[in-house]
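Bear in mind that the values in this text are calculations on the coordinates, not laboratory data. All values reported here derive from a predicted model rather than from experimental measurement. Cβ atoms come from the backbone with ideal geometry, glycine included; neighbour counts cover every protein chain shown.
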Amino acid sequence: METNLNYKGVGSVRDDVTKYLVDALFEKDDFKVKATKDGIKFKFPVGVGSKVSREFLLSTPEIPEFAWEPQTTRLLLHLAKNSKNVIVGGAYFGDQSIPIAKLIEKNNGVVHAFDLNEMQCNTLQENASLNHLKNIKSVHSGLWNDSNTYLNLSDTDDLAFATPSSDINKSNTITIDEYVEKNSLGSVDLIMLDIEGSEFNVLLGAKKQLGRPVEDSPNIIFEIHSSYVNWDKGLEETEIVKYLRSIGYEMFSIRDFQGNYDLSNKKIELIPLISTVLEGPKHGFNIVAVKNKELLQDDMFRYCENVSPKYIVHKSPALHHPIDGLK
């Protein structure tokens, strides 16, 4: 349908037209169930204006490889393959937690999935059952830089952000370090954070884990967004990047669609932070941080410079398409 509209607007037909039509079809409490190519089933909310849900619902092909952000999900699976403990902050309905859990089940690995939204936590647990997975721990708490803060959630969709409350005398947060200690995990192998501006605070609460030796420190994928982080002086001057670099991490921007697009035959493209093109309206993308760069030397990767991390179909191919094109 979108192709037949022959849309000539400034933005994409999905963001400017289709999303309103699709959102109008559903009530707030409506859910759908859909599977990905590897047979993973997801129950997901379709009546809360969620871009993650909408992109999955409208995927091309109809049965996609992943539910969301294909290159980021593929990179997560690459980094998780030998993991025992994976932490996901902002787990939502499990679009990335479920595939990771399925992969590391053979290692007796566990995904510790955090979300402040109770409905999303419950849906994540339903999706674990739907896929016969017993290695997901759904945690209805917010990750933070302390364990005595109460966080208010701004909304119910995937763009909801958390803000500390000053008038509630209880806590709904925990640090990664305290969670690891309380649950006798020993160490964490991978941390994924997509929590709308709270990423730096969460990593401050993981100093013990992040300070471990190279062979025992967690790999990290986190979102950075100019609505919450000032990158006017470049990514390398942001607090979160300076912090991670100071404890031995190397970082690269991940080129990806913030959506669902078939990239199954494409290499994962990584950009050095210093040559990441940041121009444009307020936007976000994911960064991978590792202490052992050999993890990113596989043939599945391509390194490139002076391009945007945002794949956008209707924008300049030189900046916003894979190096070898979208076909």
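Distances between placed amide hydrogens fall under 5 Å for Gly47 paired with Asp30, all partners being 5 or more residues away or on another chain.
The ranking of Trp68, Trp231 from fewest to most other beta carbons within 10 Å of each one's beta carbon is Trp231, Trp68.
Under the rule a/c < 1.5 gives rounded, and otherwise a/b versus b/c splits prolate from oblate, where does segment 1-116 land using the Cα gyration tensor? Prolate shape, in that a/c is at least 1.5 and a/b is the bigger ratio.
What shape does segment 68-320 take by its C-alpha gyration tensor, where a ≥ b ≥ c are the square roots of the eigenvalues and a/c under 1.5 counts as rounded, a/b above b/c as prolate, and the rest as oblate? Rounded, since a/c falls under 1.5.
Residues whose amide H lies under 5 Å from that of Glu65, counting only those 5 or more places away or on a different chain, are Lys37; hydrogens are built 1.01 Å from N in the peptide plane. For the pair segment 24-97 / segment 232-284, the C-alpha centres are spaced 21 Å from each other. Close amide H pairs (under 5 Å, H built 1.01 Å from N) link Leu193 with Gly89, Ile221, Phe222, Glu223, residues at least 5 positions away or on another chain. The residues Tyr20, Tyr311, when put in order of fewest to most other Cβ atoms within 10 Å, stand as Tyr20, Tyr311.
Antiparallel beta bridges, as assigned by DSSP with both residues in the chain, represent about 45 percent of the total such bridges.
For a 21 Å ceiling on Cα separation, which of these pairs sit above it: Lys51/Lys170; Lys51/Lys282; Lys51/Lys315?
On the way: Lys51/Lys170 32 Å; Lys51/Lys282 16 Å; Lys51/Lys315 19 Å.
Exceeds cut-off: Lys51/Lys170.
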